[in-house]
Number of protein chains: 2
Amino acid sequence: MQAARRTIPQILIEAIKGILGAKGWIADPEQMAPLLADQRGLYRGKSPLVVRPASTAEVAAVVRLCAHYHVPIVPQGGNTSLVGGSVPHEAGGEILLSLSRMNHILAVDPIDYTMTVQAGCVLADIQQAAQVVDRLFPLSLGAEGSCEIGGNLSTNAGGVNVIRYGCARDLVLGLEVVLSDGRIWHGLKALRKDNTGYDLKQLFLGAEGTLGIITAAVLKLFPKPREIQTAFCAVTSLEAALTLLAKTRAATGDALTAFELMPRVGFEFVLKHIPGTSDPFAQSAEWYVLMELCSARSDAGLRQTLEHNLAEALEEALVSNAVLAESVAQARALWRLRESLPEAEKQEGGSIKHDVSVPVSSVPEFIHTATARVKKAMPNIRVVAFGHVGDGNIHFNLSQPEGADKSAFLAEWGRFNRIVHDLVHELNGSISAEHGIGRLKCNELKRYKNPVELELMRRIKKTLDPDNLFNPGKLIADPEKP
Amino acid sequence: MQAARRTIPQILIEAIKGILGAKGWIADPEQMAPLLADQRGLYRGKSPLVVRPASTAEVAAVVRLCAHYHVPIVPQGGNTSLVGGSVPHEAGGEILLSLSRMNHILAVDPIDYTMTVQAGCVLADIQQAAQVVDRLFPLSLGAEGSCEIGGNLSTNAGGVNVIRYGCARDLVLGLEVVLSDGRIWHGLKALRKDNTGYDLKQLFLGAEGTLGIITAAVLKLFPKPREIQTAFCAVTSLEAALTLLAKTRAATGDALTAFELMPRVGFEFVLKHIPGTSDPFAQSAEWYVLMELCSARSDAGLRQTLEHNLAEALEEALVSNAVLAESVAQARALWRLRESLPEAEKQEGGSIKHDVSVPVSSVPEFIHTATARVKKAMPNIRVVAFGHVGDGNIHFNLSQPEGADKSAFLAEWGRFNRIVHDLVHELNGSISAEHGIGRLKCNELKRYKNPVELELMRRIKKTLDPDNLFNPGKLIADPEKP
């Protein structure tokens, strides 16, 4: 389908405007501009119209009209995709459908531990609404102040609490979805157990808007943590970090909610560029771990458990030094060492990024081998491998050699992708752990996904969206042929 | 497709025997008999051949041959289905494919917290293998001594730990599946995060063998519990039970692993029929709750938390009495009160069973209304509503009036199904919370599932199994037309 290259019929545009009313659309180029460009500045799409429906019925009406005229739709939430998943193609043949006006929290039930939300709710607002009734919605990630839940669910977002609570997919009980023929699937159930056939919601979760438009969801809530303990540790090796992870899970099991890895070089970037940060240790180490334990009990004695666990880890030479946060402010300061790393990285010039995962126990092998291979290709490259090691998810980022030319370095993106992704593939890992495929990684997906899987995906796409109406050119299509 | 009514060509049978060798098949009627009858004695199927492949390659070879001759296959694990999902049709036109010889645990990784198993592994063996490396595989249900993991995953089994660890679906990282054209999908990944396209494994989990044959899986493990606390409480009302549940989750959150409801009438059945049981309380109550808290920490002080929580619940008049297990033996005795209920029920004559779920907070409304409606239909009927109330999953069982004729009572099965399922439907619940649809509930599913959902299910079936080769007549087909 070459729809993205076609002109959108004026009669369709007028019909949509008529249905949605003045608040329901934007056609002013200046107002549309921020919605047409992706967050990383890699793509700048075109569209004659941004539609902003206020209800599921309006979304369905727009889809029916677009289906009639064979005009594709790009659904968009907070537009925080890191892979160009939420902006239209530059050919200008797609309608951009923003869910942002559908931002109502429909119900919060603390007895059920559930919340029902529209797709356009901002993640931070959902977290806040849970907090108000003494509950936790655990999905948490950098973009939480602007990303919207529909996008989080469509991309199966990850973030920092996955080790304890799972990805976005795991936090959903029910969905409401507009299908490619404009019908609404009313799957907004709040059931913990339902074995009446195929679990249809799983098809739309993580599908990056290519199979249906998620308009609402029933989310799982959890007890609100009452005790939080945070520690920053210098570990003696990558292998030691992994042993510490397994040991800490076993000793504190139900309580470990974050286990983040950070290399010395990244830590130095932070110390150098981020005001108010300092090294808590007298001696430097090659690798650091930030861990957090949470309990919904106020009397769980987590502090003591963590101290005991770290004392053992010191004796066993897994850890060479450790500091425990003594206050909320100190915990924030420790998190800042980890969370400001991407910002600090920017100050050091160009960075070639990889969002990969391997089985947790393969993390040391992956980092050692990948480091050796990229250094062979460019001896002075600076490897900044960090991230959610508790999930086997490493942001294997490569900073340019000191003093190198940024754009010349970034021109090597493809070559280093190949080195890193080839290794990930050898280790039975994933070339996109949490950011998805979008448009950026379509070709990488075709290269590494096994042919049976690709074919099954294409058949499912064909079954649910036979006319390729939803987000064409993303996820499974050839990015050059939207 | 009317394949189930056709004769199976002898040439196919000989070809399969040739590939699998002497150990790979059974044709002796006496040996086949237990595999052809379902556990509840509702169905007695026919088949000329039970095949018992020893490897995924052999499963694939059998599927390719059957596909060629258009002969359907019924996959079978431990044959513990409660809805006739794992036995062939009585017309005799299907091959029964048992996975029981594929019972090897392929890998256990305590650092990864994963285990890789073949589909024919018995659930209890998997639990045991996790235990050996100081880990927990939390899926736990009545049939665990004989059910097999392939069946557990194909039916998305539930059980007693769902409130903390989720259903079978939630415990899987990767799958290996033989597709309907005999190709193998190699999806045995051990990744915690992988956002590279549609999550194909979700299609096969819970599909009751109608979309593919699961041959192996990578399972999630958890830290092994070190402290377990068990309490049996008399609650003051159903509403109080629900408040107690929400309160206990909040106060002990990460630790509540079971919350089971039991009515006085069921408790009396147990006291009357199960030797060695006794009422721990001097006064009787209308409703009881069995709760269990687990922690992977040995120093978590759960006992104190539970005592404190129950003391508050007594003050708040949620609970009228409570007993805490002082030993493992006492905990077992308390669990026996709950677990022997189905056995005790049998001694009281016929029982019309419902495995339903509603949103957790709707449980009191469901039980009150359903009880009133069935008593209106038959005043002396004895309502035994019990089960996993923490998941909103009630086994709403109806015991015959005292002294009534058993078969006359059981002849009313359809009438009471209608009363109960109609109410479940009104409350946006599920007519099969954990047992699945199989053959028994095909017509009920068609009645209650919304048409959009049924159509999507049919399209997916058509996409993945266009010739209706896998388990025809189950889940989505007309049970009278396999």
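The values are calculated or read from the model by the stated rules, or taken from the named source; none is laboratory data. Predicted, not measured: the structure shown is a model, and the values here were computed from it. Every residue, glycine as well, gets a Cβ built from its backbone with ideal geometry; the counts of neighbours run over all protein chains shown. Heavy atoms of the whole protein, side chains included, go into the accessibility calculation; ligands, DNA and RNA do not. Shrake-Rupley method; radii C 1.70, N 1.55, O 1.52, S 1.80 Å.
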Given the criteria within 14 Å of chain B (Cβ to nearest Cβ) and either closer than 26 Å to residue A:66 by Cα or of a type outside the set (A, V, I, L, M, F, W, C) (or both), does residue A:391 qualify?
yes
Scanning for something surrounded by fewer than 21 Cβ atoms within 10 Å (Cβ to Cβ), within 29 Å of residue A:105 (Cβ to Cβ) and at pLDDT 95 or above, does the range A:9-17 turn up at least one residue?
yes
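Residues are listed down the side, and each one gets a yes or a no for (1) within 26 Å of the chain's Cα centre (by Cα); (2) in a loop (DSSP other than H, G, I, E, B); (3) modelled with pLDDT under 95:
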residue: A:61; (1), (2), (3): no, no, no
residue: A:65; (1), (2), (3): no, no, no
residue: A:74; (1), (2), (3): yes, no, no
residue: A:78; (1), (2), (3): yes, yes, no
residue: A:85; (1), (2), (3): yes, yes, no
residue: A:97; (1), (2), (3): yes, no, no
residue: A:103; (1), (2), (3): yes, yes, no
residue: A:107; (1), (2), (3): yes, no, no
Filter result for residue B:214 (part of a strand (DSSP E or B) and surrounded by fewer than 22 Cβ atoms within 10 Å (Cβ to Cβ))
no
Residue list for the range A:122-174, restricted to those being away from chain B (no Cβ under 12 Å), among the hydroxyl-bearing types (Ser, Thr, Tyr) and within 17 Å of residue A:223 (Cα to Cα):
A:140
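Would you check which residues across the range A:173-185 are closer than 17 Å to residue A:105 by Cα and either hydrophobic (A, V, I, L, M, F, W, C) or open to solvent by 10 Å² or more (accessible area, probe 1.4 Å) (or both) and list them?
Pass one, the range A:173-185, residues closer than 17 Å to residue A:105 by Cα: A:173-177.
Result: A:173, A:175, A:176, A:177.
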Identify the single condition in (1) open to solvent by 20 Å² or more (accessible area, probe 1.4 Å); (2) of a type outside the set (Val, Ile, Thr); (3) modelled with pLDDT of 95 or more that residue A:342 does not satisfy, given that it satisfies every other one.
(3)
Please verify whether the range A:266-278 includes one or more residues that are within 17 Å of residue A:230 (Cα to Cα), open to solvent by 50 Å² or more (accessible area, probe 1.4 Å) and away from every other protein chain (no Cβ under 14 Å).
yes
Tell me whether the range B:121-130 contains one or more residues that are open to solvent by 20 Å² or more (accessible area, probe 1.4 Å), in a loop (DSSP other than H, G, I, E, B) and in contact with a Leu (Cβ under 9 Å, 6 or more places away or on another chain).
no
The number of residues in the range B:414-440 that are among the charged types (D, E, K, R) and facing another protein chain (nearest Cβ under 8 Å) is 1
Quick one: which helices (runs of 4 or more DSSP H) sit completely within the range A:295-369 and have at least 2 residues that are under 25 Å from residue A:440 (Cα atoms)?
A:341-347
Could you tell me which residue of the range A:175-204 is nearest to residue A:62 (Cα to Cα), considering only residues that are more than 9 Å from chain B (Cβ to nearest Cβ) and small (Gly, Ala, Ser)?
A:182
A careful count of residues in the range B:194-208 that are in contact with a Lys or Arg (Cβ under 6 Å, 6 or more places away or on another chain) and without any contact (Cβ under 8 Å) to a residue 60 or more places away in the chain gives 1
In the range A:373-414, how many are over 19 Å from residue A:343 (Cα atoms) and assigned to a helix (DSSP H, G or I)?
11
Residues of the range A:21-47 being part of a loop (DSSP other than H, G, I, E, B) and surrounded by fewer than 20 Cβ atoms within 10 Å (Cβ to Cβ), in sequence order, are A:21, A:27, A:28, A:39, A:40, A:41, A:42, A:46
Of the residues in the range B:280-316, those that are within 14 Å of chain A (Cβ to nearest Cβ) and aromatic (Phe, Trp, Tyr) number 0
Do we find that residue A:191 is touching a residue at least 12 places away in the same chain (Cβ under 8 Å), touching a strand residue (DSSP E or B) at 6+ places or on another chain (Cβ under 8 Å) and assigned to a loop (DSSP other than H, G, I, E, B) in this structure?
yes
Scan the range B:354-368 and give yes if some residue there is closer than 27 Å to residue B:335 by Cβ, touching a helix residue (DSSP H, G or I) at 6+ places or on another chain (Cβ under 8 Å) and among the polar types (S, T, N, Q), otherwise no.
yes
Being more than 7 Å from every other protein chain (Cβ to nearest Cβ), of a type outside the set (Ser, Thr, Tyr) and in contact with a helix residue (DSSP H, G or I) (Cβ under 7 Å, 6 or more places away or on another chain) is true for just one of B:455, B:444. Which residue is that?
B:444
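When residues of the range A:243-252 are filtered for being open to solvent by 10 Å² or more (accessible area, probe 1.4 Å) and either within 8 Å of chain B (Cβ to nearest Cβ) or at pLDDT 95 or above (or both), how many remain? Give the steps one after another, and end with the answer.
We begin by selecting, within the range A:243-252, every residue open to solvent by 10 Å² or more (accessible area, probe 1.4 Å); these are A:243, A:247, A:249-251.
Keeping just the survivors that are either within 8 Å of chain B (Cβ to nearest Cβ) or at pLDDT 95 or above (or both) gives A:243, A:249-251.
Qualifying residue count for the region: 4.
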Among (1) at pLDDT 95 or above; (2) more than 21 Å from residue A:160 (Cβ to Cβ), where does residue A:403 come up short?
(1)
Pull out all pairs, ordered by first then second residue, where Cβ-Cβ is under 8 Å, the residues are six or more apart or on different chains, the first lies in the range B:73-100 and is under 13 Å from residue B:46 (Cα atoms) and free of Cβ contacts under 8 Å to residues at least 24 places away in the same chain, and the second is part of a loop (DSSP other than H, G, I, E, B) and open to solvent by 20 Å² or more (accessible area, probe 1.4 Å).
none
From A:377, A:372, A:385, residue being open to solvent by 30 Å² or more (accessible area, probe 1.4 Å) and either in contact with a Lys or Arg (Cβ under 8 Å, 6 or more places away or on another chain) or touching a residue at least 12 places away in the same chain (Cβ under 8 Å) (or both)
A:377
Considering residues that are more than 22 Å from residue B:76 (Cα to Cα), open to solvent by less than 60 Å² (accessible area, probe 1.4 Å) and part of a loop (DSSP other than H, G, I, E, B), the number found within the range B:415-472 is 5
Residue pairs meeting the criteria (Cβ under 6 Å; at least 6 apart or on separate chains; first farther than 18 Å from residue A:386 by Cα, in the range A:422-450; second open to solvent by 60 Å² or more (accessible area, probe 1.4 Å) and not charged (D, E, K, R)):
A:448/A:425
Go over the candidates B:357, B:399 one by one and state the one that is buried (at least 18 other Cβ atoms within 10 Å of the Cβ) and more than 21 Å from the chain's Cα centre (by Cα).
B:399
Would you call residue B:367 open to solvent by less than 60 Å² (accessible area, probe 1.4 Å), under 16 Å from the mean Cα position of the chain (by Cα) and within 15 Å of residue B:266 (Cα to Cα)?
no
For the structure I just gave you, tell me whether residue A:207 is facing another protein chain (nearest Cβ under 10 Å), touching a Ser or Thr at 6+ places or on another chain (Cβ under 8 Å) and either hydrophobic (A, V, I, L, M, F, W, C) or buried (at least 24 other Cβ atoms within 10 Å of the Cβ) (or both).
yes
